[in-house]
Amino acid sequence: MPYGDGVHGEPVERVGAERVVFGVLGPVTAGSGEGPLALKGPRHRAVLARLIVARRRVVPVSRLVDDLWTDPPSGAVGALQTFVAALRRVLEPDRPPRTPARLLVTEGPGYALRAEPDAVDAWRFEAAVATAATLPAPAALPRLDEALDLWRGPAYAEFAQEDWSRGERSRLTELRLQAVERRAETRLALGRPADAVPDLDAHVSDHPWREDAWRLLALALYRQGRQGDALGVLRRARTVLAEQLGTDPGPRLRRLESDILAQDPGLDPLAEPVTAAARLWITATAAYDRTVAAGARARLESTVGLIRDLAVTGGGGLRAARDHRLGAISAAEEFGDPELTARVIGAYDVPAIWTRSDDPDLARQVVDAAERTLAVLPGGAQDAARCRLLATIALEMRGTRSRRGPQAAREAVGTARDLDDPALLAFALNGQFMQSFTRAGLAGRRDGIGAELIALSARHGLVTYEVLGRLIRLQARSALGDFAAADAHAAAADRLAERHELPLVAVFTEWYGALRSAASGDRRRAEAAYRAAAVRLDGSGMPGLERGLLPLALLCLRLARHAPSASASASASAGVDAAEPGADLTEDWGPYRPWVEPLALLASGRRAEAQAALRALPEPPRDLLYEALCCLEARAAAALGDRAALRRAHTRLAPATGELAGAGSGLLTLGPVDVWLAHPQVARR
């Protein structure tokens, strides 16, 4: 189940406040939330494309010159520098003069594009296809759809004749063909042969040498009851292969032809040994599709229920649910019926444990829709619908500083208690949990929310919310240093997850296991556990949790042994960089980069830049890592001898005295908050 965000997003490099994405699956493009970015000409696009091909690695200037010109002119290096400067102005228009670029960087003998892993459509395509290969068919299909939808034309379209693009274009093209065939095979596995036929028909026409495509097309036709058409496809394949390649069909095609002629029962999925549940799903969904009109409201509400259920099946299902959620809301609003829209918005009561949104823009759109619906919803009998809308607002406004989120949470919980509706109260309590980060030191309050969720859910059979309560208490007891209780909640969550097929729960309990090793001081074991946990997190469908978490956890593991001290103050006053261990800014720090940057700059001896970065820090987001980020700020401030920053960190951390910094996340820790509050410059108020 998605004990994560419940919203979808793609964190990427930013232009000012706007994110930047790069497209190479078609003509080469760059764009932000405001639309396409103006790449001046073919040479500029060529430089950008060549650097994307290099995949974040440095391309020497000499290689770039040779790749851009068949016969380089005498001023080629200067021209290249002009192209790079122009690209930087487009990609980072708000970068102050004479400050180093962060995206298109100069390094050693050349240039590199430090795009994030999800900032290039080709890289997202590859990741989606790889993830789909690890998923069961129901979860793999939307992942493959998502991957193939990224293609706008041939890869690196306008550079098809360039030697430097040829290998990458061939590799991506082959991967796309494999993905088309894998999607068709997945549709067949799901009992949807009719959906597979059109794509396969076009596929074999464009790529007649691919025997697997012919095989899948014939099989799809046979499973539709079109035996003659299936045999016709196999005869056509035999002719095409003989005429174009001079070969006979391979053994798989020959075997399929024999099986079709014999009407082998193994070719029919319903004749295979499938479970009663699988057979029921196929027949029931087919009957529903035949009898319920395509535009019926009942179909929309049933779809929303399916989307909600899909979200608890694993990473692929969670991503698919997020992809379709806003579409369902938009479809509901088209009916002009606020009661229907309220039901559709409020039906997505998927428990969420992580307090950082995967996609803030999508979350805002959901909140806007909920607010619009609240404004026109009739009063009286609609208290339950209003409550669900308020709970949705509280959940989606997690991590923000808006007063609306806490207000919505209070109203939702109050209404749910008045209505005496257990499921509604559980949903509202989830919203209250998300709004319980207004300051540090509130682990005890969250522990109470978790305890109520567990008791409520156990009485009324609300399994997913009981798991949520267990995870909330795991976090809260970790913050309070009560690992015996946290261990018990982790074990209970795992038992429930195994019994009720909730695979994403293990993501959190495995990260908790790494935290336990870190808290015990076993650094080597903790580091290995963190790396193993990161593997499970990859592909879980929770980018708001995943991005930057592993390097942050490893940094906290090192820093926990070097909390601010009097020696740090002395070193700082002597001009010594006391911020070791530092951090490597070439890693993907995700949303945590601003708090890591002062430490990294200090470690490389750039004290003035570190001081500027420290002074530019905002207050950390109000989420599960609030105390941890405050400690990173305190660490840099101690090394720089910045008393104002230390006092600011003290003020923010003081309410959490007696807790373990960061452990309230259930993922990582920097050790006791009191140690971070004990620095002499902090105490000297």
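Values as computed for the structure displayed
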item	result
Rounded FRET efficiency, nearest 0.05, which uses the C-beta distance separating Asp323 from Trp281 and R0 of 22 Å	0.55
Whole-Å distance, taken between Cα centres, linking the stretch 143-160 and the stretch 452-478	44 Å
Amide H partners (placed H, <5 Å) of Gly399, local residues excluded	none
Of all accessible heavy-atom area on the chain, the percent that carbon and sulfur account for (1.4 Å)	52 percent
From the coordinates shown, log10 I(q)/I(0) by the Debye sum over Cα atoms at q = 0.06, 0.07, 0.09, 0.11 Å⁻¹ corresponds to which of [x] -0.42, -0.56, -0.91, -1.25; [y] -0.37, -0.50, -0.84, -1.25; [z] -0.41, -0.55, -0.85, -1.13	[x]
Per-peptide average of other Cβ atoms within 10 Å, ordering 596-604, 624-632, 423-431 highest first	624-632, 423-431, 596-604
Charge dipole (the stretch 133-230, unit charges on Cβ, about Cα centre) - positive-most of Trp151, Trp164, Trp214	Trp214
Peptides 323-330, 213-220 ordered by average Cβ neighbours within 10 Å, highest first	213-220, 323-330
Of Leu429, Leu389, Phe483, farthest towards positive along the dipole that unit charges on Lys, Arg, Asp, Glu beta carbons give the stretch 367-495	Phe483
Total charge dipole magnitude, the chain, about the Cα centre, Cβ charges on Lys, Arg, Asp, Glu only, Debye to nearest 20	1700 debye
Residues with amide H under 5 Å from that of Ala30, placed H, sequence gap 5 or more	Gly23, Leu37
Once the Cα gyration tensor of the stretch 368-487 is diagonalised, semi-axes √(5λ) in Å	27, 17, 9
Accessible area of the chain divided out per residue, in Å², using a probe of 1.4 angstrom	42 Å²
Most to least packed among 66-78, 640-652, 348-360 [average Cβ atoms within 10 Å]	348-360, 640-652, 66-78
Residues with amide H under 5 Å from that of Gly110, placed H, sequence gap 5 or more	Val61
Simple spin-label estimate for Asp674 and Ser170 in nanometres, 7 Å along Cα-Cβ	6.6 nm
The chain - percent relative contact order, Cα under 8 Å, separation 6 or more	12 percent
Top positive-direction residue, dipole computed over the chain with Cβ charges, set Leu471, Ala347, Leu256	Leu471
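The values are calculated or read from the model by the stated rules, or taken from the named source; none is laboratory data. Worth saying up front: this structure is predicted, and the values here are computed from it rather than measured. Positions of Cβ are backbone-derived with ideal geometry, glycine not excepted, and every protein chain shown enters the neighbour counts. Ligands, DNA and RNA are stripped out before the accessible areas are found, and what is left, the full protein with its side chains, is counted by its heavy atoms. Shrake-Rupley method; radii C 1.70, N 1.55, O 1.52, S 1.80 Å.
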